[in-house]
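Have a look at the structure below, then the notes.
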Amino acid sequence: MYNKQGEGQGDFMKLDIGRILRKEVSRFRVNMKETLDYIDTTEGRIHFCEDVLIQGEVNSIKDKLYLELNVKTAVKESCGRCLKDVIINIDVDLQGFLTDDYKESVDELEDSFIYDGDEVNMEEVLKTAVLLNLPSKIVCKDDCKGICPNCGNNLNEEGCECNQDEIDELNIDPRLSKLKDFFK
Ligand SMILES: [Zn+2]
Ligand SMILES: [Zn+2]
């Protein structure tokens, strides 16, 4: 289990594939459940608001190991316009061969997972699953009006007294506003 006080990450989300590597079994089920607050990724911090469920199967096919997984959880992001929390459900299927050859896996990044010793680092798998499935623009609703750049009110909720036309003018790209003067 994930030890919040622990330094280093120890057994944190490691999938032990020792038995199948030693050919004691030819397949086994994966069933992991982790309670996480957050993980840090290259794209920033991801906050979880539900347990992470990872279920699937590892199969040995000829001399290769094939991993099929479903990753289910929910993450909390902020609306890109008004900053309100937005819950995003993640339900992703991933599959690929397991390799301990990092170079090989970079060449075929799309469809392979890396293992090291007897273990697959599921934290990396989880990051991939979440990042691949976050929308590029996160908004609380399609017509979110955002925040007034002048007074900071959430325009979905309270509106504000500011003159939005004036603000729009202030926000015009300076290059464009020069152009506007030109046409006066
Ligand atoms: Zn919003
Ligand atoms: Zn305002």
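The values are calculated or read from the model by the stated rules, or taken from the named source; none is laboratory data. Keep in mind it's a predicted model, so treat the numbers as computed, not measured. Cβ sites come from the backbone with ideal geometry, for glycine too, and all protein chains shown count toward neighbours.
Could you please find all residues in the stretch 116-125 being surrounded by 21 or more Cβ atoms within 10 Å (Cβ to Cβ) and part of a strand (DSSP E or B)?
Within the stretch 116-125, just Val120 meets the criteria.
Tell me which residues, restricted to the stretch 27-86, are under 16 Å from Leu134 (Cβ atoms) and of a type in the set (Val, Ile, Thr).
Ile39, Thr41, Thr42, Ile46, Val52, Val71, Thr73, Val75, Val86
Just to be sure I understand the filter: pairs with C-beta atoms under 7 Å, separated by 6 or more residues or on different chains, first member in the stretch 136-150 and outside the structural domain of Asn163 (by TED's automatic domain parsing) and in contact (Cβ under 8 Å) with a residue 40 or more places away in the chain, second member more than 8 Å from ligand 1 (Cβ to nearest atom) and acidic (Asp, Glu). Which pairs pass?
Taking only residues 6 or more apart or on different chains, the pairs are Ile138/Glu77.
With the structure loaded, tell me whether Arg27 is charged (D, E, K, R), more than 12 Å from the chain's Cα centre (by Cα) and not assigned by TED's automatic domain parsing to the domain that holds Cys151 or whether it fails that test.
It is true that Arg27 is charged (D, E, K, R), more than 12 Å from the chain's Cα centre (by Cα) and not assigned by TED's automatic domain parsing to the domain that holds Cys151.
Six or more apart or on different chains, Cβ atoms under 9 Å: show the pairs whose first residue is in the stretch 75-93 and in contact (Cβ under 8 Å) with a residue 40 or more places away in the chain and of a type in the set (Lys, Arg) and whose second is within 11 Å of ligand 1 (Cβ to nearest atom) and in a strand (DSSP E or B).
Arg81/Ile147; Lys84/Ser78; Lys84/Asn154
Looking only at the stretch 134-144, decide whether some residue is of a type outside the set (S, T, N, Q), at pLDDT 75 or above and either in a strand (DSSP E or B) or within 16 Å of ligand 2 (Cβ to nearest atom) (or both).
Yes.
If I ask for residues that are surrounded by 14 or more Cβ atoms within 10 Å (Cβ to Cβ) and either aromatic (Phe, Trp, Tyr) or within 10 Å of ligand 1 (Cβ to nearest atom) (or both), which ones from the stretch 139-159 would you list?
Of everything in the stretch 139-159, those that are surrounded by 14 or more Cβ atoms within 10 Å (Cβ to Cβ) and either aromatic (Phe, Trp, Tyr) or within 10 Å of ligand 1 (Cβ to nearest atom) (or both) turn out to be Val139, Cys140, Cys144, Lys145, Gly146, Ile147, Asn154, Leu155, Asn156.
Can you tell me which residues in the stretch 21-51 are assigned to a loop (DSSP other than H, G, I, E, B) and either touching a helix residue (DSSP H, G or I) at 6+ places or on another chain (Cβ under 7 Å) or not hydrophobic (A, V, I, L, M, F, W, C) (or both)?
Once the filter is applied, which keeps residues that are assigned to a loop (DSSP other than H, G, I, E, B) and either touching a helix residue (DSSP H, G or I) at 6+ places or on another chain (Cβ under 7 Å) or not hydrophobic (A, V, I, L, M, F, W, C) (or both), the stretch 21-51 yields Arg22, Lys23, Glu24, Val25, Ser26, Thr35, Asp37, Thr42, Glu43, Glu50, Asp51.
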